[in-house]
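These notes concern the structure reproduced below.
Bear in mind these aren't lab numbers, they're just calculated from the coordinates by the rules spelled out. Predicted model only: the values in this text are computed from it and were never measured. Neighbour counts are summed over all protein chains in view; Cβ atoms, including those assigned to glycine, are modelled from backbone coordinates with ideal geometry.
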Amino acid sequence: MQLPSSLLENAVNEFAKLPGIGKKTALRLVLHLLKQEPETVQQFGDSISRMRQEIKFCQRCANISDGDICSICANSMRNQQIICVVENIRDVIAIESTQQFNGTYHVLGGVISPLDGIGPDQLNIDTLVQRIQTEEVKELVFALNPNIQGDTTIYYIQKKLQHTTCTITTIARGIAFGGELEYADEMTLARSITNRLPVGQYVK
């Protein structure tokens, strides 16, 4: 793509680095910004820069946060005795959009996948075990993607918590095995959360 300005080309190249954004889409976005007032573009750039520099991760659940503790963990109206274990922050957003879960979360930061070089030590598993041991947790809900990696992770954590008194469940398999939570429609995900079942029925 031959562009008349190196500044324009540099901006297009930066936008094209984003997932799902090709050169043509990047060019449309840059040309759109070029039509805006300088103050608007400055605000856009500042918000991205500030987000990257100032955003934090909750010290309790590893969700994204503006402070040391995220708004979900700090909300006294949430059921603090139920923890929903998810792979990543996108899954928190997906479940929250269903408005069917009123507990707290724990973001693992991935799943166990030996082929990808990801082991238990690279995930937020120890902090989850510590939460179970120190907090009055009545139920642990696994909401991991229904695939081999997700089931392996559930099995590993379940083994580490085999002496716990809290109930361990997983979301119902209304989501097809091999699917991903962020692509599930809200109705299917909501039913899976509502109709969660004991882990032993799915993970052996």
Positive end of the dipole of the chain, charges at C-beta (+1 Lys, Arg; -1 Asp, Glu), about the Cα centre: which of LEU108, HIS32, HIS163 has its Cα farthest in that direction? HIS163
Reachable lysines from LYS23, criterion Cα separation under 24 angstrom, eight or more residues apart if same chain: LYS35
So for ARG90, ARG52, ARG60, ARG131, fewest C-beta neighbours within 10 Å to most, what's the order? ARG52, ARG90, ARG131, ARG60
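Using only helices, what value at 222 nm comes out for the chain when you add -39,500 (n - 2.57) per DSSP H run of length 4 or more and divide by the total residues, to the nearest 500 deg cm²/dmol?
Taken over the chain, the calculation gives -12000 deg cm²/dmol.
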Straight-line reach from LYS160: which lysines have a Cα under 20 Å away, not including same-chain ones fewer than 8 places off? LYS138, LYS204
If a/c stays under 1.5 just call it rounded; otherwise compare a/b with b/c (prolate if a/b is bigger, oblate if not). Do that for the range 6-54, with a ≥ b ≥ c from the square roots of the Cα gyration tensor eigenvalues. oblate
Note down the net charge around ALA26, summing +1 for each Lys or Arg and -1 for each Asp or Glu among other residues with Cβ under 13 Å from its Cβ. +2
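If packing is taken as the mean number of other Cβ atoms within 10 Å per residue, what is the order of 64-73, 143-152, 117-126, 29-38, highest first?
In descending order of packing, they fall as 143-152, 64-73, 117-126, 29-38.
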Which residue, LEU189, LEU27, LEU140, tops the fluctuation ranking in a GNM of the chain built on C-alpha contacts under 10 Å? LEU27
Out of ASN102, ASN13, ASN88, any idea which swings most in a Gaussian network model of the chain, alpha carbons joined below 10 Å? ASN13
Please work out the C-alpha center-to-center distance from the range 1-32 to the range 61-104 and express it in whole Å. 35
Along the Cα-to-Cβ line of ILE69, 7 Å from the Cα, sits a label point; which residues in the range 132-152 have backbone N less than 14 Å from it? 135-136
Please find, in a Gaussian network model of the chain (springs between Cα atoms separated by less than 10 Å), the residue of LYS160, LYS24, LYS56 whose mean-square fluctuation is greatest. LYS24
